[in-house]
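The structure under discussion appears below in the form of structure tokens.
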Amino acid sequence: YLFSFEPFACLLLWPLERQYPPVSSTSIQQGVKWVVVLGGGSRESKSLTPEDRLNDSSLKRLLEGLRLCRVLPEARLILSGGDYYGETPVARVMKEVALSLGLSASRLILEESSWDTQDEARLLKNQLGQDPFYLVTSAGHMPRSMAMFKKLGTQPLAAPTEFRAIWGTFHLTEILPNANALQKTEQAFYEYLGLIWGWIRGYV
């Protein structure tokens, strides 16, 4: 019950999400050459559109990357995410969506070999060099992602999206168990364990 209780789930996830604020249109740093979008997963189904094949995390991350690219006309969009379980790499699915939304193919770079965040940071290190770049991922995933990219000597600028721990007016129905709250609790535990594991392995 506790893990499915909305205020408890937000209490767990909020410390992760509050570390980096969203990037407003007026605060975008001009001159940034790269926008890196980390994949969050997709589904393998030829009957679905690319938009429906992306899970919510991937779709929101991609939309944030495209928003930044509209304000940064010289920036290139790097889509990252590999082949899970023999399926189409999530980066390739994101590419299809980006093209359908009007982004030029010449502005796209794909990284399709990574299995996890550490892989993404390692594989993109040489491409990014010492250039500052916007790193786009879910707000709860951003602390771990920033730490891993910084540990490898790159210069990420946080561009979080998919904020889920939103404090608002408490409604009486929130005392009931909630599957959405359980997902938030799961995400929080996953990220805290990921940070601990990354620290043990020297990745963060």
key: Inter-part distance where region 89-148 and region 1-78 are each reduced to a Cα centre, Å   = 11 Å
query = So what is the calculated 222 nm ellipticity per residue for the chain, using -39500 (n - 2.57) for each DSSP H run with n of 4 or more, over all residues, to the nearest 500 deg cm²/dmol?
reply = -13500 deg cm²/dmol
query = Of the heavy-atom accessible surface of region 4-120 (probe 1.4 angstrom), what whole percent is carbon and sulfur?
reply = 53 percent
inquiry  = Sort 16-24, 131-139 by the packing proxy (mean of other Cβ within 10 Å over each peptide's residues), most packed first.
reply    = 131-139, 16-24
inquiry  = Greater than 25 Å separation of Cα atoms is the criterion. Which listed pairs, K46/K125; K33/K60; K95/K184; K33/K184, meet it?
reply    = K46/K125; K95/K184; K33/K184
inquiry  = Rounded to two decimal places and with Rh computed the Kirkwood way over Cα pairs, what is Rg over Rh for region 142-204?
reply    = 1.11
inquiry  = With +1 assigned to the C-beta of every Lys and Arg and -1 to the C-beta of every Asp and Glu, and no other charges, what is the dipole magnitude of region 109-204 about the Cα centre in debye, to the nearest 20?
reply    = 320 debye
ask   = Tell me, what is the 1.4 Å probe accessible area of E162, in Å² to the nearest 10?
value = 20 Å²
query = Which percent of the accessible area of region 127-204 is formed by carbon and sulfur heavy atoms (probe 1.4 angstrom)?
reply = 63 percent
Residue-normalised accessible area of the chain, given per residue in Å² at a 1.4 Å probe = 52 Å²
request  = Mind pulling up the Rg/Rh value for the chain? Radius of gyration and Kirkwood radius, both on Cα.
outcome  = 0.97
task = Rounded, prolate or oblate: pick one for region 1-121, where a ≥ b ≥ c are the square roots of the eigenvalues of its C-alpha gyration tensor, a/c under 1.5 means rounded, and failing that, prolate if a/b is larger than b/c, else oblate.
result = oblate
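The values are calculated or read from the model by the stated rules, or taken from the named source; none is laboratory data. From a predicted model like this one, the values you see are computed outputs, not experimental measurements. In this analysis, Cβ positions are derived from the backbone assuming ideal geometry, glycine residues included, and neighbour counts consider all displayed protein chains. Protein only, heavy atoms only, side chains kept; ligands, DNA and RNA dropped before computing areas. Shrake-Rupley method; radii C 1.70, N 1.55, O 1.52, S 1.80 Å.
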